[in-house]
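Undergrad: Please see the structure below; I have some questions.
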Amino acid sequence: MAPLLHALPQGMIVTETGIPWGVKQIGAPETWSRTTGHRVKVGIIDTGVDFSHPDLRHSLEPGINLLDRSQMPYDDNGHGTHIAGTIAAANQLHGVIGVAPRARIYPIKAFDHQGSAFVSDIILGIEWCVYNKMDVVNMSFGMHTKNQSLLRAVNNAHRSGVLIVASSGNDGKIGHIDYPARYSKTIAVGATNRVGKVASFTNRSRLIDVFAPGERIVSTWPRGKHREMSGTSMATSHVTGAIALLLAIRPKLTPAQIKACIQKSAVPLRNSKALQSVGELNVARMLKVVERK
């Protein structure tokens, strides 16, 4: 079993609604007059999603439940619902708003109620995303060991034009990040806090492609609730949402072009001399880079 490692335990239930700080931090609202991620297909390989959540129900497609093909990919853990909200929540009056509120979310349930999965189900999830022509896939989980079959699935998705975004891990390690973020054909994401510094819990190395907000992130939670959580999982969902905004206006960009654009447009990190080549996600700058091409 591959544990879903990247949500720090015991998130605090909160009632704050509106545009979460992380969505503001990456500059997403400044770009909504140009793009909202309209109809970009986002696969989320996770624990499923709460289909009845008022912030999500207008953004959701059926997806697939790999643990029980006869059932919808309902979320019995909460992690997948939280990820989906950061990417594409769209409840302006009473709930939270995600980075790309008009993107289409396809939940792929590969993780059980405890947040564990077989690697074989993760691979099936990636294959489902390729077959069903997802534009971008969020993989907010990690493993400490390399798996050749998973590597082949990631590389095949990349060749097929399906970009995978993965989280670096929450062990606070320096010089090491988890798989599959460690694979070169993914976008590897680390977490920052409110003041733009690297979060203490995030794994970090030169293999990270971009950092994004991941500390005390408010998003959707099962049974119509909201919850605050921290982790590189949360950072990853910000990057996935940003890619949806980009693909809505430049749908022919390849995974390699998107990765280069994100890296080039990132804002330098504060007080992080060891990571001078890696920055924090900024959507407005990212769109300017592609508009100059």
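Undergrad: Can you give me the number of residues within the stretch 125-141 that are surrounded by fewer than 18 Cβ atoms within 10 Å (Cβ to Cβ) and free of Cβ contacts under 8 Å to residues at least 60 places away in the same chain?
TA: Of the residues in the stretch 125-141, 2 are surrounded by fewer than 18 Cβ atoms within 10 Å (Cβ to Cβ) and free of Cβ contacts under 8 Å to residues at least 60 places away in the same chain.
Undergrad: If you don't mind, there's one more thing I want to ask. Can you find, within the stretch 127-158, the residue that is nearest to HIS176 (Cα to Cα) among those that are of a type in the set (Ser, Thr, Tyr) and part of a loop (DSSP other than H, G, I, E, B)?
TA: Residue satisfying both the conditions and the ranking: THR145.
Undergrad: Inside the stretch 43-82, can you point out the residues that are more than 15 Å from ILE122 (Cβ to Cβ), touching a helix residue (DSSP H, G or I) at 6+ places or on another chain (Cβ under 9 Å) and part of a helix (DSSP H, G or I)?
TA: Result: HIS82, single match.
Undergrad: Oh, and also: Counting just the residues of the stretch 200-230 that are out of contact with any helix residue (DSSP H, G or I) (no Cβ under 9 Å at 6 or more places or on another chain) and either crowded, with 24+ Cβ neighbours inside 10 Å or not charged (D, E, K, R) (or both), which one comes out farthest from LEU281 (Cα to Cα)?
TA: Within the stretch 200-230, the match that is farthest from LEU281 (Cα to Cα) is GLY224.
Undergrad: Also, quick follow-up: Could you tell me whether LYS146 is out of contact with any Leu (no Cβ under 8 Å at 6 or more places or on another chain), among the charged types (D, E, K, R) and closer than 22 Å to ILE208 by Cβ?
TA: When the stated conditions are applied, LYS146 passes them.
Undergrad: Go through the stretch 223-252 and count every residue that is in contact with a strand residue (DSSP E or B) (Cβ under 9 Å, 6 or more places away or on another chain), assigned to a loop (DSSP other than H, G, I, E, B) and on the phi < 0 side of the Ramachandran plot.
TA: Qualifying residue count for the region: 1.
Undergrad: Answer yes or no as to whether ALA256 is within 27 Å of ASN91 (Cα to Cα), outside any loop (DSSP other than H, G, I, E, B), among the hydrophobic types (A, V, I, L, M, F, W, C) and modelled with pLDDT of 95 or more.
TA: no
Quick grid of which residues meet (1) aliphatic (A, V, I, L, M); (2) more than 27 Å from HIS113 (Cβ to Cβ); (3) at pLDDT 95 or above:
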{"position": "ALA157", "(1), (2), (3)": "yes, no, yes"}
{"position": "VAL165", "(1), (2), (3)": "yes, no, yes"}
{"position": "ILE177", "(1), (2), (3)": "yes, no, yes"}
{"position": "ALA181", "(1), (2), (3)": "yes, no, yes"}
{"position": "GLY190", "(1), (2), (3)": "no, yes, yes"}
{"position": "SER219", "(1), (2), (3)": "no, no, yes"}
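Undergrad: Still on this model: Just wondering, is there one or more residues in the stretch 260-268 that are buried (at least 20 other Cβ atoms within 10 Å of the Cβ), of a type in the set (Gly, Ala, Ser) and part of a helix (DSSP H, G or I)?
TA: yes
The values are calculated or read from the model by the stated rules, or taken from the named source; none is laboratory data. Just so you know, these numbers come straight off a predicted model, no measurement behind them. We place every Cβ from the backbone using ideal geometry, glycine too, and count neighbours over all the protein chains shown.
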